[in-house]
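The values are calculated or read from the model by the stated rules, or taken from the named source; none is laboratory data. Quantities reported herein were computed from a predicted structural model and do not represent experimental measurements. FYI the Cβ positions are ideal-geometry reconstructions off the backbone, even for glycines, and counts take in every protein chain you see.
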Amino acid sequence: MASTLIKNAIIVNEGKSFPGAVVIENDKIADILQDGAFDENIFDNIVDAKGNFLIPGVIDDHVHFRDPGLTYKADISTESRAAVAGGVTSYMDMPNTNPQTTTIEALENKFLVAQENSIANYSFYFGATNNNSNLLPSLDKRNICGIKLFMGSSTGNMLVDRRDALNKIFKNANMIIAAHCEEQSIISKNSAFYKKYFGEDVDIKYHPLIRSEEACYRSSSLAIELARETDAKLHILHLTTEKELSLLENRALEDKQITAEVCIAHLLYSDEDYKRLGSLVKCNPAIKSINDRNALRAAIATDLIDVIATDHAPHLLSEKEGGAFKATSGMPMIQFSLLAMMKLEKEGIISIEEIVKKMCHNPAKLYNIEKRGFIRKGYKADLVIVNSNSAHKIKQKDILSKCGWSPLNGETLSSKVEKTFVNGNLVYSNNTIIEGSLGEHLTFAR
Ligand SMILES: [Zn+2]
């Protein structure tokens, strides 16, 4: 049995931060100890955390790794390595790949690709369409994280816009429905208006007026209404507006039928950043006003928002050219999500304990992931050492995502991921990916 001691850490777990040490045996956390209260000689390896934070690995419940079919811009191998470099040890990938993950066969193929290529732990959403709700009851609830529902067109052709189809999905889903909420009829009307005045492509600054607050609010409201009618569990993805916060409850995750996610880009940027970053930060739903951004920043420190994720969605730089209609939507973020949040921690917007709650504990709780997301005896040793006093600039050469760019390139971070362990294996250390082990598929207690 291989044992590793991580000593001199500040362990951040379950609302507390305290000095201590963690023992890893094989793939699991074997013990949590006080420093100095043990004989170091009995361990095979010793890792000195040097007073840095030790947190559970981040679980990102919303990524687009583009595999299969769009692997010219990202794939499971490259993006899972970017993930562990950023302290993300598990991810849940969305179904708008090619082929789309809307059949059992496509889903099984994704698991096979991940099994051979993913350095982080993984699961995959099944995509709901206007016509496949009959498949939902037969999905393997132990191994599939949830059902993705596009209640707005976004990317790919997975828009579910027929009321009867929506009803069937909510009724037949016996696992969590993760919904992208933007009302397509409003977006279409706004698009026609702006095209009439400005032609086929319009400046990116109009993007949040086309994919508007109203489009988000109306769609989120409908999703909540359907969930209440059918008793379904609903997780509203990437909330972008202050107005939608009024639809949510400020209560512990355990007591809620309806939960919500906010993504990093909507916490970092507002429409003022379109001048500086242009379509690089074009995403759906759109980045909205500074008021919205500030309301989201306030909400992540409360129980209104349950999960902070990335919506990591790489594109080639050449695909990000143009304005609100021409540029593709989405940006890479997974390598810097934890560190971007650590920067907000330095600015007093959120505490380290709350970051760990929203990025590690809550995704595990919400999806009932087995034995991950916490530093507990017997849990999988998915662990990250974070140095919170390591100011450095993001450089081009540091970017591991296949698309080779980041909207954060050149920005100064306050923290650094020193080491990442996945299932007890050291997979990232000294700015280097350590090959030799692969992630596991997540399992769900249901
Ligand atoms: Zn997404």
Legend entry - Inter-residue pairs, beta-carbon under 7 Å, first over 14 Å from Glu229 (Cα atoms) and in the range 161-177, second of a type in the set (Ser, Thr, Tyr) and part of a helix (DSSP H, G or I), 6+ apart: Ala165/Ser133; Ile176/Tyr367
Inset, instruction - Grab the strands (runs of 3 or more DSSP E) fully contained in the range 16-134, keeping just those with 3 or more residues being in contact with a Lys or Arg (Cβ under 9 Å, 6 or more places away or on another chain) and within 16 Å of the ligand (Cβ to nearest atom). - result: 121-127
Legend entry - Residues (touching a strand residue (DSSP E or B) at 6+ places or on another chain (Cβ under 8 Å) and farther than 13 Å from Arg142 by Cβ) located in the range 436-446: Gly436, Ser437, Gly439, Glu440
Legend entry - Check on Ala227, of a type outside the set (Phe, Trp, Tyr) and part of a helix (DSSP H, G or I): yes
Inset, instruction - Could you grab me the full set of residues in the range 91-108 that are crowded, with 19+ Cβ neighbours inside 10 Å, in contact with a helix residue (DSSP H, G or I) (Cβ under 9 Å, 6 or more places away or on another chain) and under 13 Å from Ile144 (Cα atoms)? - result: Tyr91, Met92, Asp93, Pro95, Thr101, Thr102
Inset, instruction - Return the residue satisfying two criteria in turn: it lies in the range 297-321 and is in contact with a His (Cβ under 6 Å, 6 or more places away or on another chain) and of a type in the set (A, V, I, L, M, F, W, C), and of such residues it is farthest from the ligand (Cβ to nearest atom). - result: Ala309
Legend entry - Complete set of residues in the range 154-174 that are closer than 25 Å to Ser90 by Cα, touching a helix residue (DSSP H, G or I) at 6+ places or on another chain (Cβ under 8 Å) and either modelled with pLDDT of 95 or more or surrounded by fewer than 21 Cβ atoms within 10 Å (Cβ to Cβ) (or both): Asn174
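Among the residues of the range 321-347, count how many are among the small types (Gly, Ala, Ser) and within 19 Å of Asn13 (Cα to Cα). Outline the logic, then answer.
Let us first name the residues in the range 321-347 that are among the small types (Gly, Ala, Ser), namely 322-324, 327, 329-330, 337, 340.
Add one more test, that the residue is within 19 Å of Asn13 (Cα to Cα), and what stays is 337.
Of the residues in that region, 1 qualify.
Restrict the check to the range 195-204 and report whether at least one residue is farther than 26 Å from Met92 by Cβ and basic (Lys, Arg). Walk me through how you get there before you give the answer.
Step one: list which residues in the range 195-204 are farther than 26 Å from Met92 by Cβ, which gives 195-204.
Within this subset, residues satisfying the condition of being basic (Lys, Arg) are 195-196.
The answer is yes, given that some residue of the range 195-204 is farther than 26 Å from Met92 by Cβ and basic (Lys, Arg).
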Inset, instruction - Restricting attention to the range 331-375, report how many residues are within 16 Å of the ligand (Cβ to nearest atom) and surrounded by fewer than 21 Cβ atoms within 10 Å (Cβ to Cβ). - result: 0
Inset, instruction - Pull up the range 235-252, narrow it to residues that are outside any loop (DSSP other than H, G, I, E, B) and not charged (D, E, K, R), then point me to the one that is farthest from the ligand (Cβ to nearest atom). - result: Leu245
Inset, instruction - Return yes when Met151 is at pLDDT below 95 and surrounded by 23 or more Cβ atoms within 10 Å (Cβ to Cβ) and no when it is not. - result: yes
Legend entry - Selection within the range 361-394 - in contact with an Asp or Glu (Cβ under 9 Å, 6 or more places away or on another chain), of a type in the set (A, V, I, L, M, F, W, C) and under 30 Å from Lys233 (Cα atoms): Ala364, Leu366, Phe374, Ile375, Ala381
Legend entry - Selection status of Lys377, part of a loop (DSSP other than H, G, I, E, B), more than 18 Å from Ser90 (Cβ to Cβ), touching a residue at least 40 places away in the same chain (Cβ under 8 Å) and over 19 Å from the mean Cα position of the chain (by Cα): yes
